[in-house]
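Data block below; observations after.
The values are calculated or read from the model by the stated rules, or taken from the named source; none is laboratory data. Nothing here was measured: the structure is a model prediction, and the numbers come from that model. Positions of Cβ are generated from backbone atoms using ideal geometry, with glycine treated the same way; all protein chains shown enter the neighbour counts. Just so you know, the surface numbers come from the protein's heavy atoms only, side chains and all, with ligands and any DNA or RNA stripped out. Shrake-Rupley method; radii C 1.70, N 1.55, O 1.52, S 1.80 Å.
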Amino acid sequence: MAYEGILLGMGNPLLDISAVVDEEFLKKYDVKLNNAILAEDKHLSMYNDLAENYNVEYIAGGATQNSIKVAQWMLQIPGATGYIGSIGKDKFGEEMKKNSRLAGVNVQYYEDETAPTGTCAVCVVGGERSLIANLSAANCYKSEHLKRPENWALVEKAKYFYIAGFFLTVSPESILLVAEHAAAKNKVFTMNLSAPFICEFFKDAQEKALPYVDYVFGNETEARTFARVRGWETENVEEIAVKISQLPKASGTHKRITVITQGADPVVVAEDGKTKLFPVILLPKEKLVDTNGAGDAFVGGFLSQLVREKPIEDCVRAGSYAANVIIQRSGCTYPEKPDFN
């Protein structure tokens, strides 16, 4: 099977500015632990505060880009994955390009002249993380870039697509172009619920994309928010996963499968009206460095086996393996080679 360009991601490339902080810092900026939000005015001084007063690491991130890089790492086949998003013409943008190409991903960034490369403050307290994204240039992506022949060629070539829900805030039009292509060509289209605020405030855009989604990823908090917003009277993650899998579908080629992670609790997979639970690899608390990128890594690991047409058990096992590796390191980083078999 030809793997070149088999998996394409599209999303918001962000440079993670990651640091271990204290509760005071979170209070100062009114940030909740274990949440992902978009920066408001009150957060804007946070980025400098982190850079000047804490020991920060800069890591090329953004949810979709993380997942694609992890899938690329798991596959170990140069150019198996591609990624599209928008960066600024600045040193952070250059850093992003260098970092992604070193990872073996075929990146096609739109370079915006007017806005700086997007950043994400990653505040780590006791191994748990909070994300505050300042999208900046990432917010400037236009579907015109996607339609350029050299970029659309990546869409034509790919057989699997992954887009985090965060991109619904930027270019729902681009998402639908790819989704409709996938449905027309019997390809596999996958998305992530990504954050409670996406399920709440971008429900309409999410509703338009959902009929095309063959695999829906999310965590238990996102799943419960998704259910609450739709007036489903249940907090039961297994029930919610089944209901999501049974929502209307635009193409009948692939059934929808819902995959919900629950931290240290088993992964819930819903298909054909039934659920299966898969235990995760448990990690002693003292080995946990930070949970940033754990969900992204799970998806990356999962996709690395999905594109190889492996059974769902293997996909979940690869996802759990990748997440386990990443939470033992700072940021969404990994060793040179995986030892997954």
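Within the straight-line cut-off of under 21 Å between alpha carbons, the lysines reachable from K157 are K69, K142, K147, K185, K187, K310, sequence neighbours fewer than 8 places apart in one chain being disregarded. Our Cα-only numbers for the chain put the radius of gyration and Dmax at 18.5, 54 Å.
Using Cα pairs closer than 8 Å and at least 6 residues apart in sequence, work out the relative contact order for segment 62-180, in percent.
Result for segment 62-180 is 22 percent.
Overall, the anisotropy analysis places segment 278-321 in the oblate class: the square-rooted eigenvalues a ≥ b ≥ c of its C-alpha gyration tensor yield a/c not less than 1.5, with a/b not exceeding b/c. Cβ-Cβ distance of A250 and W152, R₀ of 30 Å, FRET efficiency by 1/(1 + (r/R0)^6): the value works out to about 0.90. Other residues with beta-carbon under 9 Å from the beta-carbon of I260 carry, at +1 per Lys or Arg and -1 per Asp or Glu, a net charge of -3.
Note on the chain: GNM, Cα springs under 10 Å; of A182, A250, A63, the largest mean-square fluctuation is that of A250.
Restricting to the chain, what percent of DSSP beta bridges are antiparallel, rounded to 5?
That works out to approximately 35 percent antiparallel.
Taking all protein chains as they are arranged and a probe of 1.4 Å, the heavy atoms of T169 leave approximately 30 Å² accessible to solvent. Here the simple spin-label model places points 7 Å from the Cα toward Cβ, and for K285 and R329 these points are separated by 2.6 nm.
Relative protection proxy for 258-270, 318-330, from highest mean packing down: 318-330, 258-270 (other beta-carbon atoms within 10 angstrom).
In loop segments of segment 1-85 as defined by DSSP, the trypsin sites (Lys or Arg not before Pro) with at most 12 further C-beta atoms inside 10 Å of their C-beta are K32. Only helices enter this figure: runs of n ≥ 4 DSSP H residues, each worth -39500 (n - 2.57), summed and divided by the residues of the chain, yield -10500 deg cm²/dmol at 222 nm to the nearest 500. Comparing L154, L131, L38 in a Gaussian network model of the chain, where Cα atoms under 10 Å apart are tied by springs, the biggest mean-square fluctuation is seen for L38. Computed extension length for A264-K185: 24.7 nm, one decimal, from 0.36 nm per residue of separation with the Cα-Cα distance subtracted. Basic side chains Lys and Arg get +1 at the Cβ, acidic Asp and Glu get -1 at the Cβ, and with that the dipole of segment 262-341 about its Cα centre reaches some 100 debye. Note on E24: accessible area is roughly 120 Å² with a 1.4 Å probe, heavy atoms of protein only.
Take every pair of alpha-carbon atoms less than 8 Å apart whose residues are at least six positions apart; their mean separation over the length of segment 1-143 yields a relative contact order of 36 percent. Solvent-accessible surface of the chain, averaged per residue with a 1.4 angstrom probe and all protein chains in place: 43 square angstrom.
Other residues whose C-beta falls under 11 angstrom from the C-beta of N186 contribute a net charge of +2, scoring Lys and Arg +1 and Asp and Glu -1.
Largest accessible area first, the residues V20, V316 order themselves as V20, V316 under a 1.4 Å probe with ligands, DNA and RNA left out. Which FRET efficiency, nearest 0.05, do E94 and K203 yield, Cβ-Cβ r, R0 41 Å? Efficiency for this residue pair is about 0.65. Taking every DSSP bridge with both residues inside segment 158-294, close to 40 percent are antiparallel. A simple charge model with +1 on the Cβ of Lys and Arg, -1 on the Cβ of Asp and Glu and nothing else charged puts the dipole of the chain at about 960 debye relative to its Cα centre. Would you please classify the overall shape of segment 71-208 from the alpha carbon gyration tensor, given that a ≥ b ≥ c denote the square roots of the eigenvalues, rounded means a/c under 1.5, and beyond that prolate means a/b larger than b/c while oblate covers the rest? Verdict is rounded for segment 71-208.
Report the Stokes-Einstein translational diffusion coefficient (µm² s⁻¹, integer) for segment 159-281, Rh taken as the Kirkwood radius over Cα pairs, at 20 °C with viscosity 1.002 mPa s. Result for D is 149 µm²/s.
Positive end of the dipole of the chain (Cβ unit charges, origin at the Cα centre): among F197, G82, G61, the Cα lying farthest that way belongs to G82. As a calculated quantity, the FRET efficiency between T234 and E128 at R0 = 22 Å, using C-beta atoms, amounts to about 0.25.
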